[in-house]
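Engineer: If you scroll down you'll find the structure; I have some questions about it.
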Amino acid sequence: MHPVRWLRALARSLEARGARVFEHSRVVGPPAVEGDGVRVRTTAGAVWCDRAVVAVDGDLAALVPSARSVRPRRLNMLATAPLRRAVLPFPVYARYGHEYVHQTADGRIALGGFSDLDGDASWTARAEVSAPVQARLDRWLTDELRVDAPVTHRWAGVVGFAEDPLPRCGPVPGSAGRVLALGGYNGTGNVQAWVASRVVAELVVTGASASAGLYASVDA
């Protein structure tokens, strides 16, 4: 799955159904229940709505303070120039998922992991690369994969780690069910977010979801 292409396809599908997408409207504070609705403050103004869903993972507690058990953590990755030879026929995990690598359709090696080497510095909402982690990724690339292609991209992404393995999903306490949140996937958002999103959608539309018990409450 190509995440950017998927996101753009999702946006097109939503707009075709009448939804409006506002980019570059950064939310600057927790949604506030006011009267019979919810007010969401952004850098460009305020939005009033009947319900608000906070669907962020990394720094969830910044918008949902009751989700303070979900902490932001940066994960490092790199990508090489395209290789002419096939190195990996499928994605590979190592050390129980600490490291992850796959070869893209154009031949690049995308490699991430070793965040445990980052120590306390990894617990941050700033998506800045870690020099020690990137150096270790370089060594793994050459020593384990025998790849000597130049590295063309380095980056870090911020994800949410809950204190227990269960993601958070459901109504935000004190919001009378008008604000819902989901996140804290512990690095498994590509799978868990699909299920959690359906749970929240069902809660918004019908008020109940048979799968709600799969996840921890937002303030757990």
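Every read-out reported here was derived from the displayed coordinates using simple, explicitly stated rules and does not represent laboratory data. Everything numeric in this text was worked out from a predicted model, so none of it was measured. Neighbour counts run over all protein chains shown; Cβ positions are idealised from the backbone, glycine included.
Engineer: Go ahead and run the numbers for FRET between T42 and V129, Cβ-Cβ distance against an R0 of 41 Å, rounding to 0.05. Intermediate results must be reported in sequence, preceding the final value.
Structural biologist: Numbers: r = 28 Å, r/R0 = 0.69.
Here the calculated transfer efficiency is 0.90.
Engineer: For A110 and A62, calculate 0.36 nm times their separation in residues minus their Cα-Cα distance, and state this gained length in nm to one decimal.
Structural biologist: Numbers: separation 48, 0.36 × 48 = 17.28 nm, distance 2.99 nm.
Extra length from A110 to A62 when fully extended: 14.3 nm.
Engineer: Picking from V64, V129, V28, which is most flexible by a Gaussian network model of the chain using Cα springs under 10 Å?
Structural biologist: Between V64, V129, V28, it is V28 that shows the largest mean-square fluctuation.
Engineer: Return, ordered by residue number, the residues of segment 194-220 whose backbone nitrogen is under 12 Å from a label point located 7 Å along Cα→Cβ of E163.
Structural biologist: 219-220
Engineer: Could you list which residues have their amide H under 5 Å from that of A181, counting only those 5 or more apart in sequence or on another chain, with H placed in the peptide plane?
Structural biologist: V54, G170, V172
Engineer: Now for a separate question. Taking the structure as given and computing volume of the Cα convex hull per residue in Å³, which label from [x] 252; [y] 146; [z] 168 fits?
Structural biologist: Matching the structure shown: [y].
Engineer: Still on this structure, I have one more. Can you tell me how much longer the chain between R26 and D120 gets when fully stretched, taken as 0.36 nm per residue apart minus their C-alpha distance, in nm with one decimal? Walk me through the numbers on the way to the answer.
Structural biologist: Values: separation 94, 0.36 × 94 = 33.84 nm, distance 2.75 nm.
So the extension gain works out to 31.1 nm.
Engineer: Calculated FRET efficiency, A176 and E15, Cβ-Cβ r, R0 35 Å, to nearest 0.05?
Structural biologist: Result of the calculation: an efficiency of 0.70.
Engineer: Turning to a different aspect of this structure: What residue among P171, P89, P72 shows peak mean-square fluctuation when the chain is described by a Gaussian network model with Cα springs under 10 Å?
Structural biologist: Checking each option, the largest mean-square fluctuation is seen for P89.
Engineer: Something else about it: Which loop-located trypsin sites (Lys or Arg not before Pro) does segment 38-144 contain, where loop means any DSSP state but H, G, I, E or B and the Cβ has at most 14 other Cβ atoms within 10 Å? Could the numbers behind the result be given before it?
Structural biologist: Values: sites: R39, R41, R51, R68, R73, R74, R84, R85, R95, R108, R126, R136, R139; in loops: R51, R68, R84, R85, R108, R126.
Qualifying residues, ordered by number: R68, R84, R85, R126.
Engineer: What's the extension gain from A212 to A81 if we count 0.36 nm per residue and subtract their Cα-Cα distance?
Structural biologist: 42.8 nm
Engineer: Relative to the longest principal axis of the chain, what angle (0 to 90°, nearest 10) does the C-alpha long axis of helix 3-16 take?
Structural biologist: Approximately 30 degrees, to the nearest ten.
Engineer: What is the list of residues in segment 73-97 whose amide nitrogen lies under 20 Å from a point 7 angstrom out from the Cα of H153, following Cα to Cβ?
Structural biologist: 74-93
Engineer: Enter the angle in degrees (range 0 to 90, nearest 10) between the Cα long axis of helix 189-206 and the first principal axis of the Cα atoms of the chain, meaning the one along which they spread out most.
Structural biologist: 10
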